[in-house]
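Bear in mind these aren't lab numbers, they're just calculated from the coordinates by the rules spelled out. All values derive from a computational prediction rather than experimental measurement. Cβ atoms come from the backbone with ideal geometry, glycine included; neighbour counts cover every protein chain shown.
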Amino acid sequence: MRLNQNELNLFNQNGFIILKDFADKRECNAILDIAKIHIKYQIEPIEREVEYHNHSKEYRTNVIDYNSTLNQGTIRRLRQVYSRDTIFKNWMENRKIRPILEQILDDQVVITTAHHNSIMTKMPEKSSETNWHQDIRYWSFTDSNLISIWLALGDENSQNGALEFIPKSHKMSFSSNQFDNKDYFRDDYKQNMSLIETKVLTALNKGDIVIFHSRLLHRANRNSTDEPKISFVYTVKGASTKAIDGSRSLAYPEILLDRT
Ligand SMILES: O=C(O)CCC(=O)C(=O)O
């Protein structure tokens, strides 16, 4: 499958694109079943809600041990899913999406397992919101030609914490005082407010995907429903984009995918 020129232009302009009904529902259900087992038995490496919010910028930038530092608490994400089960690996190596990723990256596709390589959860009552941020902020690469593929394994909406994006922000330059000390984009800063008003919510259904640029500002609400929200996210880069030697971005394997 390939994007038409209009869709590719939209991605380049806005920094994201939604592809409705992209993944096979049976594959989504299989991913969900395995994910629920790993969540139920708290199989490491995991990150808990408290850690997701409390870890410092230095920890997020440098630490490469992704095991939880706590022995209890609500799980926010299962990490390193590529190597957990072939059902996860197969989705990340899915051939149907590859031509699209090649088009967007304008390069051969490489999975970087160091960062988004996760099942993301938002549990009822115990989840929290995520503030505005660019994913690239804690990553170390020669350039920002990286994109993430977010797969909805159930419905995602304003009640359960669907992603919100600021279109076009992947191409904008910001000053350091527009961000707080953890590099979140400040929503209490006057200069940011009018930009934040341009936000769009990406409501998704099971099997929909959204592909977004590593510099795109995004956030999400907490889940205020009674049902868990579970999603899959992984990141790919162009082959000519290199992880910096000695950085966390190079601490886990990269998987070069054949050209289509
Ligand atoms: O589900 C969320 O709260 C957003 C997650 C996110 O944007 C991230 O971890 O980079």
Under 20 Å from LYS122, Cα to Cα: lysines that are on another chain or at least 8 residues apart: LYS36, LYS40, LYS206, LYS229
What is the packing order of peptides 13-19, 177-183, taking the mean over residues of other C-beta atoms within 10 Å and listing the highest first? 13-19, 177-183
Tell me the Kirkwood hydrodynamic radius of segment 158-210 in angstroms, computed as one over the mean inverse distance between distinct C-alpha pairs. 12.8 Å
Shape of segment 138-260, Cα gyration tensor, a/c cut at 1.5: oblate
Determine which lysines satisfy two conditions relative to LYS237: a Cα distance under 20 Å, and not lying fewer than 8 residues away in the same chain. LYS89, LYS96, LYS168, LYS171
With Rh as the Kirkwood radius over Cα pairs, the chain has Rg/Rh of 0.93
When the chain is fully extended, how far beyond the present Cα-Cα distance does GLN13 get from ASN177, taking 0.36 nm per residue of separation? 56.5 nm
Using mean Cβ contacts within 10 Å as the protection proxy, how do 222-229, 131-138, 195-202 order, highest first? 131-138, 222-229, 195-202
Arrange the peptides 85-94, 155-164, 242-251 so that the one whose residues have, on average, the most other Cβ atoms within 10 Å appears first. 155-164, 85-94, 242-251
Note, ³J(HN,Hα) from phi for segment 131-139, Karplus 6.51, -1.76, 1.60, rounded to Hz, x at Gly and Pro: 6, 4, 7, 10, 4, 5, 4, 9, 9
